[in-house]
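Just so it is clear, none of the values below were taken in a lab; they were calculated from the coordinates. Quick caveat: nothing in here was measured; it's all calculated off a predicted structure. All Cβ positions, even for glycine, are placed from backbone atoms using ideal geometry, and neighbour counts span all protein chains on display.
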Amino acid sequence: MKNKTQITEIMENSIHLINEQYNQPLHLNTIARQNFMSPATYSRYFFELTQCSFSDYINHLRVEHAKKDLIATDRSLTQIALEHGFSNSSSFSKIFRSCTALSPSDYRKTYRTQYNQDCQASLTTQLTISDSHARPYKKSWLYAANAGNACLLSHADLRAQLLELADSLGVEYIRMWDMFSPELFPHGLMELTRLDFSHLDTIFDFLTEHHLKPWINLTKNSDFLLSDIAEAPSDSSAYGTPLPPKDLLSFYENLFRHWIIRYGQDAVSQWIFECWYNDMDNSDAAIDRYIESFTLLQQLLKRLLPDARLGALCNSLPCMEDAASRVLSRWPKTAEPDFISVFSFPYTQTDGTPEKLRDSQFTQKSIRCAASLLERHHMEHIPIYVTQWNMTASPRNAINDSAIAACVLLSNIEETLDYPYPIVYCYASDLCMSGRDTLPMIFGGIGMFTRNFLPKPVYYALSIFKKLPGFCLAHGPGYIITTDRCGQFDLLLFNTAPLSRFYYEHKEYEITTFIVLQILYQGPSHTFDIKLRLPEGFTSYRLNTLSIIPGETDLLGHLKKFGESVELSYDEICHLRHTARPEMTVCRLTLESPQLTVSRTLKPYEICHLSFCPI
């Protein structure tokens, strides 16, 4: 007998595949049988999840896809009907009218003009810059990588991806949680003075051997993954239950002493630790229990490892501002943390229900919210670490695999370019969502790599950011311009167009690869006209250009070349690892004057990196 969580996951998997294959013949009996249910049972669960019948859901889905072709192409109604899963144009017209109150022809006439105006709209940025404006800046986004549950670090595939991040992005710390899992302590935690740390040792030996520093959440926690923000749990049991304070202290004293003996006090003192607040009831008693546990841990850690950092809190701001404020209001001055840990996701809260924030630049908002909270409670001197960042918390959202996610990432990097503390992308890999094995190879996971080690656009966005020289000349919406003050100039340009209403009006797990390619990759172009005053004596340059073009040179664009394949062979995956990369060109420039003029027009969500190196 499956529990409610298992049934929900089965239904979400099923709906995800329906969304991907919406234009194929779909029959309730067949899909119910594939999920080992009777049609009546499947229909009931389907309605509970979508508030829509099976047939109505598919009809509305097909109509939504057809709308785009009606206003963006000159295809006939019959062609559009057949391409989007309708049996004929008559059936298409009837269903379309029932969903929109307009015939397909009337819809095309009504909305085509507005669509053309939106697509022809453009933005222009004009800049004149000299290297006298150069100043150093921080690369806080490259400080650490989130690996997820600690037990996953035992897996060779994840280790390989983490080593790639360390090598290519210069990541120093690997952040992990759930140290209490049965995989790490198969004999349990009953005899706290006779614990077997051998499974943990393999993880920390690996990190130490490769000069990576652990960043550890010391609170018992479950990695709760949301298919949509509306499913955020209201029950703290979803996040795990902490050990009682006495047992917690005994466990960690043994663990810390073991680490000090094995790796040395100097090495372990450089590690970062966190003690999260996971309770959802926010009662005074729950908060006091958390503060008691934190205080005991802090006293122990500072006695054994005086220089180690211990952070507190863990909250998604501004979505959970009230809960964070209640915790800080009861915090004793004698036990202040070394930093507070916050999540940054684009969500807000209305009447206690989280919903998507219609703003692609949200990191600064989270940081300001946290800073305001600290100031309100006279703790403004405490640093704020953004320990999990993403434009969605859903591991079922195809936008995670797209150039949209890369552009939004760069927009948030640009607005926090001077931020001195860590901001950590969530996650390193889709392997962190290892329980999702029933899904296709590309399923909208929130990692920088797919499970098959294919780099996503967000990885390339961070790798380009890593390459930028260390002095900033100018930055603003859509651009970061840097120099090494020895003649090299790099321009990172990106067009983060506003997301369409379609994205905000649908569940996150309903956003499929097809929707991203056909509906979301729309918006105004952005033209950059930039003039750089160069130092005297530099006339010849080598120009290296790297471009991520949505639907063409991003991961989804490369996958289009393989057609409708859900599964790829090993050889095909190896081929993609080498070819699914941004487009690169190299040329030589000879200048007649000490001024460099760059003019580029970018499509929506296009990214362009131009590196001018003197020769």
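In this label model, residue 28 and residue 199 are separated by 4.5 nm, measuring between points 7 Å along each Cα→Cβ vector.
About the centre of its Cα atoms, segment 383-500 shows a dipole size close to 240 debye [charges on the beta carbon of Lys, Arg (+1) and Asp, Glu (-1) only; nearest 20 debye]. In terms of packing, defined here as the mean over residues of other Cβ atoms within 10 angstrom, the peptides 21-28, 497-504, 393-400 line up highest first as 393-400, 497-504, 21-28. Using a cut-off of 32 Å between Cα atoms, the listed pairs 4/94; 139/302; 139/531; 67/531; 67/356 include 4/94; 67/531 as exceeding that distance. A simple packing score, the average count of other Cβ atoms within 10 Å per residue, orders the peptides 306-313, 358-365, 405-412 as 405-412, 306-313, 358-365, with the highest score first.
Between 325, 340, 353, the Cα set farthest toward the positive side of the dipole of segment 299-364 (charges on each charged residue's Cβ, about the Cα centre) is that of 340. Given +1 at the Cβ of Lys and Arg, -1 at the Cβ of Asp and Glu and no other charges, the dipole of the chain around its Cα centre is 1020 debye to the nearest 20. Counting only aspartates and glutamates at least 8 places from residue 603 when in the same chain, those with an alpha carbon closer than 17 Å to its own are 118, 529, 552, 554, 583.
Within the straight-line cut-off of under 14 Å between alpha carbons, the aspartates and glutamates reachable from residue 365 are 321, 414, 415, sequence neighbours fewer than 8 places apart in one chain being disregarded. Simple spin-label estimate for residue 377 and residue 355 gives 2.8 nm between the two label positions (7 Å along the Cα-to-Cβ direction from each Cα).
Rounded to the nearest 20, the Cβ-based charge dipole of segment 458-615 about its Cα centre (Lys and Arg +1, Asp and Glu -1) stands at 480 debye. Work from the charge dipole of the chain (Cβ charges, +1 for Lys and Arg, -1 for Asp and Glu, about the Cα centre) and give the residue of 363, 187, 70 farthest towards its positive end. Toward the positive end, the furthest listed residue is 70. Where both residues lie in the chain, what percent of DSSP beta bridges are antiparallel, nearest 5? Around 55 percent of the beta bridges assigned by DSSP in the chain are antiparallel ones.
For the chain, adding -39500 (n - 2.57) for each run of n ≥ 4 DSSP H residues and dividing by the number of residues yields -11500 deg cm²/dmol at 222 nm.
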